[in-house]
Amino acid sequence: MIYPQLHFRGQVWRPPYKASSQLLQVTSGCTWHKCKFCSLYHGTPFRVSPLSEIEADLKVIRQWQPRARRVYLTGANPFALSYNKLMHVAILLRKYLPNLVSFGMFARVTDIAPKTVEELKNLRHMKLDSINIGIETAHDETLERMNKGYQAKDILEQLSKLDKARIRYNVFYLNGLGGKGNGLESAIATADILNQLHPCIINIVSLTIFPESELYHEVLDGTYEEEPEIERLIEMRTLIERLNIKVNILGHHISNTVPITGALPDDKVALLREFDKAIAEFPEVELKAYRNRIWHL
């Protein structure tokens, strides 16, 4: 028997808490492809899946997962699609999956800008209920150096629109991105911005540099110096200490030498105590050896 196959190209990523969601490709690769540190979509050019291809995949999903309740649209940032294209996708989802409760996707901060609050509300009405956004940091110097293509003020402005539209969003913070000596500034700047917003989850991932990235070559030629592991722990501690919003913290990614999870404000004291213990007890050489053993995210 020959089983039908879905149209997946290149790398396919999803957040760990979307493990029960049905995956559906609407884009592949990334629209930006300029972040110095990133190798997640290396070698995969950006492509928008034709609506005919999306519909064909939904027919297969309806056949094999007719009661699918949650769908995650794959690609580095499917939210780059126009409002009209996203509405077409949402209509197809509702047509083929009558039990659909919600769908979500990754986005860049800049993907939100072309969409009005009213359009975002319409997408929410069509069951878009969560977006995952790699803000990385709100430290402007680091954003510029890493060629993210936006500033801290853009993070505040665009994510505020999601708050107004009542679309839940989760952000990714890239610990250590500023390089040696910049950890505290990055943590403080990011906490200041996030304290004005309402993210559901803050995912903390620690920078791990791979040969496919531009930043790898800057390390080799000495123009970028990685942030020491103890400084990274201090950075994470500072971020959590300065946050005064109600939010879930997920820091159990393989890249984190001290994995943590918790909910603020209730778990703040316990989390800070855990970092204090690690900073006092773990030698830098041991933590660095752990990072050097990470070969893939």
Residue 180: which lysines have alpha carbons under 21 Å from its alpha carbon, excluding same-chain residues fewer than 8 sequence positions away? 36, 148, 288
Taking the chain as the reference, fit the longest principal axis to its C-alpha atoms, fit the long axis of helix 51-64 to the helix C-alpha atoms, and give the angle between the two in degrees, 0 to 90, nearest 10. 90
Tell me which trypsin sites (Lys or Arg not before Pro) from region 32-71 have a DSSP coil assignment and no more than 12 other beta carbons within 10 Å of their own. 34, 67
Once R0 is set to 30 Å, what does the formula 1/(1 + (r/R0)^6) return for the Cβ-Cβ distance between residue 261 and residue 113, expressed as a FRET efficiency to the nearest 0.05? 0.40
List the aspartates and glutamates whose alpha-carbon lies under 12 Å from that of residue 95, not counting same-chain residues fewer than 8 positions away? 55
Of the candidate values (i) 57, 46, 36; (ii) 58, 56, 35; (iii) 56, 39, 33, the one computed for Cα extents along the principal axes in Å from this structure is (iii)
Of the listed pairs 121/268; 34/268; 18/115, those with alpha carbons more than 28 Å apart are 121/268; 34/268
Out of region 226-297, which trypsin sites (Lys or Arg not before Pro) are coil in DSSP terms and have no more than 10 other C-beta atoms within 10 Å? 293
Distance from region 256-297 to region 175-208 (C-alpha centre basis), Å: 15
Given +1 on the Cβ of Lys and Arg, -1 on the Cβ of Asp and Glu, and no further charges, what dipole in debye does the chain carry about its Cα centre, rounded to the nearest 20? 1860
Partner aspartates and glutamates for residue 153 [C-alpha distance under 18 Å; skip if fewer than 8 residues away on the same chain]: 111, 136, 140, 141, 144, 163, 185, 192
How much FRET efficiency would the formula 1/(1 + (r/R0)^6) give for residue 9 and residue 125, where r is the Cβ-Cβ distance and R0 is 41 Å, rounded to 0.05? 0.85
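Readers should treat all values here as calculations from the given coordinates under stated rules, not as data from a laboratory. Keep in mind that this is a model prediction, so the values were computed, not measured. Note: ideal-geometry Cβ built from the backbone for every residue, glycine included; neighbour counts use all protein chains shown.
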